[in-house]
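The structure under discussion appears below in the form of structure tokens.
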Amino acid sequence: MLQLRCTKKVQALLGLRPHDLREIKSSDAFLGNWYVNLFVVDRRKTLLFMNERTLLSFVIFGVRKDKLKKVPEAFLRGVDQILTLEGFDIATINRVFAGYEDIEFTRTDSRSVLGNLNDLMEMYKDSILCEGGFRHCDLAAIMLEMNRMPQRNLGWSSSVDIVRELLRSEAKAVT
């Protein structure tokens, strides 16, 4: 089971009321739960997803009202895309997806993770705008750059390095 921890902006966008949100639980999924925030660039609504454990992130832009019901599917495609861009093979990606069969929405519960999410959001905005907006930027390259940036909260490792470490550790534990 996976929980998408939504900011108030995302809850409002998705039309989630307090009774729609589930109780916050730790995840049994390999990477754990994800945080979601909303920002606007070039007049396009953009969702930023960030893993709470590794700070791995990706964005989905051009979110429209008629597509809001499909946010869980878009999230899964986004995870698949970022892991593929990072060079993970299909077997590894399938290991990451174990536990993502059920997706629930919750509120956020960690100020420090939310702080990381907001910092990343500003960096994504700046990078997209510096390259001339969505029409001119290489969004895949921006996401790769963000996930390779050293993070103080990760002991100056990058998000993708932490994911690789976790996968190596898990593979050693299995054998």
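The values are calculated or read from the model by the stated rules, or taken from the named source; none is laboratory data. Keep in mind that this is a model prediction, so the values were computed, not measured. Note that we place each Cβ from the backbone using ideal geometry, even for glycine, and neighbour counts take in every protein chain shown.
Figures for the structure shown
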| quantity | calculated |
| --- | --- |
| Matching entry among LEU38, LEU4, LEU31 (being farther than 18 Å from ALA98 by Cα and not charged (D, E, K, R)) | LEU38 |
| Subset of segment 50-80 [among the hydrophobic types (A, V, I, L, M, F, W, C), in a loop (DSSP other than H, G, I, E, B) and within 23 Å of LYS25 (Cα to Cα)] | LEU55, LEU56 |
| Unique match (being out of contact with any Gly (no Cβ under 6 Å at 6 or more places or on another chain) and at positive phi) among GLY155, GLY78, GLY115 | GLY155 |
| Hits in segment 34-44 - residues which are under 21 Å from GLY132 (Cβ atoms) and crowded, with 17+ Cβ neighbours inside 10 Å | PHE39, VAL41 |
| Filter result (among the β-branched types (Val, Ile, Thr) and in a helix (DSSP H, G or I)) within segment 96-114 | VAL96, VAL113 |
| Any pair with Cβ under 9 angstrom, 6 or more apart, that starts in segment 1-20 at a residue that is within 16 Å of VAL40 (Cα to Cα) and ends at one that is among the charged types (D, E, K, R) and outside any strand (DSSP E or B) | GLN11/ARG17; GLN11/ASP20; LEU13/LYS65; LEU14/ASP20; LEU14/LYS69 |
| Qualifying position, being surrounded by 19 or more Cβ atoms within 10 Å (Cβ to Cβ), aliphatic (A, V, I, L, M) and in a loop (DSSP other than H, G, I, E, B), among LEU31, LEU47, LEU83, LEU117 | LEU31 |
| Matching residues in segment 60-107 - criterion: being in contact (Cβ under 8 Å) with a residue 60 or more places away in the chain and of a type in the set (S, T, N, Q) | THR92, THR106 |
| Residue within segment 31-39 that is within 11 Å of the chain's Cα centre (by Cα) and over 26 Å from ARG168 (Cβ atoms) present | yes |
| Unmet criterion (only one of (1) touching a Leu at 6+ places or on another chain (Cβ under 8 Å); (2) among the small types (Gly, Ala, Ser); (3) surrounded by 12 or more Cβ atoms within 10 Å (Cβ to Cβ)) for GLY15 | (3) |
| Pair list, Cβ under 6 Å, 6 or more apart: segment 36-59 residue on the phi > 0 side of the Ramachandran plot, other residue not in a strand (DSSP E or B) | ASP42/GLY133; ASP42/PHE134; LEU55/ASN116; LEU55/SER159 |
| Selection from segment 144-158 of residues that are in contact with a Phe, Trp or Tyr (Cβ under 8 Å, 6 or more places away or on another chain), crowded, with 17+ Cβ neighbours inside 10 Å and either in a loop (DSSP other than H, G, I, E, B) or at pLDDT below 95 (or both) | none |
| Count - residues of segment 53-73 that are closer than 15 Å to VAL10 by Cβ, buried (at least 17 other Cβ atoms within 10 Å of the Cβ) and over 8 Å from the mean Cα position of the chain (by Cα) | 4 |
| Members of segment 120-139 that are more than 14 Å from the chain's Cα centre (by Cα) and part of a helix (DSSP H, G or I) | GLU122, MET123, LYS125, ASP126, SER127, ILE128, LEU129, CYS130, LEU139 |
